[in-house]
Amino acid sequence: MIRLDPAVPDAADRVRNTAAAIDPTARVKDVEDTERDAAFSSVRTGVLVGSTLTMLLVAASLLVTTLEQLRDRKRLLSSLVAFGTRRSTLALSVLWQTAVPIALGLALAVAGGLGLGVVLLRTGGQRVQDWWVFLPVLGIGTALIALVTLLSMPALWRLMRADGLRTE
């Protein structure tokens, strides 16, 4: 309502009548104050912290794996650069190697989490009020993709030097 006290008798009807007088095609919705349960808020915070820690572990594992793969491919990377492959092309390949697994994992986690959340809410006789609650987790995952890529770039540049073609 538009700042009318709901305790006033017929307040909703007065708002609807006023809106209809101004614009007959206008839609009026009843807006009510909602209170969040403290337990619900703590569960929501706990899920966000837990998912962030899990994604940090995945990102650390992905960084170690990426660095090991780059180290194992030192000679190949140097050969590619020697034959004229642009460094930016190789850098983009590293981005894709980190982005695809995390993006697929995030998509599965979001779909599964939203599905489980809907089932749990319906079991409790509630309805979904906020469909966009997964956006912070998605943002954290995207930031971790960028972080892993940035942290692996110095190793990639170092391994693409010509001295990688030398044999011992």
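The values are calculated or read from the model by the stated rules, or taken from the named source; none is laboratory data. Quick caveat, the model's predicted, so the values are computed rather than measured. Note that we place each Cβ from the backbone using ideal geometry, even for glycine, and neighbour counts take in every protein chain shown. These area figures cover heavy atoms from the full protein model, side chains too; ligands, DNA and RNA do not enter into them. Shrake-Rupley method; radii C 1.70, N 1.55, O 1.52, S 1.80 Å.
Of everything listed in (1) under 30 Å from residue 143 (Cβ atoms); (2) out of contact with any Pro (no Cβ under 8 Å at 6 or more places or on another chain), the single unmet condition for residue 62 is (2). Restricting segment 90-104 to residues that are in contact (Cβ under 8 Å) with a residue 24 or more places away in the chain and among the polar types (S, T, N, Q), the residue that is least open to solvent (accessible area, probe 1.4 Å) is 98.
Considering segment 1-114, the qualifying helices (runs of 4 or more DSSP H), each wholly inside and each with 2 or more residues that are at pLDDT 85 or above and more than 21 Å from residue 155 (Cβ to Cβ), run over 11-22, 38-72.
Taking the criterion of being hydroxyl-bearing (Ser, Thr, Tyr) and open to solvent by 90 Å² or more (accessible area, probe 1.4 Å), the only residue of segment 28-67 that qualifies is 34. For residue 108, indicate whether it is within 29 Å of residue 146 (Cβ to Cβ), out of contact with any strand residue (DSSP E or B) (no Cβ under 6 Å at 6 or more places or on another chain) and open to solvent by 90 Å² or more (accessible area, probe 1.4 Å). So residue 108 fits the description; yes.
Among residues of segment 115-140 being in contact (Cβ under 8 Å) with a residue 24 or more places away in the chain and assigned to a helix (DSSP H, G or I), the one that is nearest to residue 155 (Cα to Cα) is 140. Restricting attention to segment 111-135, the residues that are surrounded by fewer than 11 Cβ atoms within 10 Å (Cβ to Cβ) and farther than 27 Å from residue 35 by Cβ total 1.
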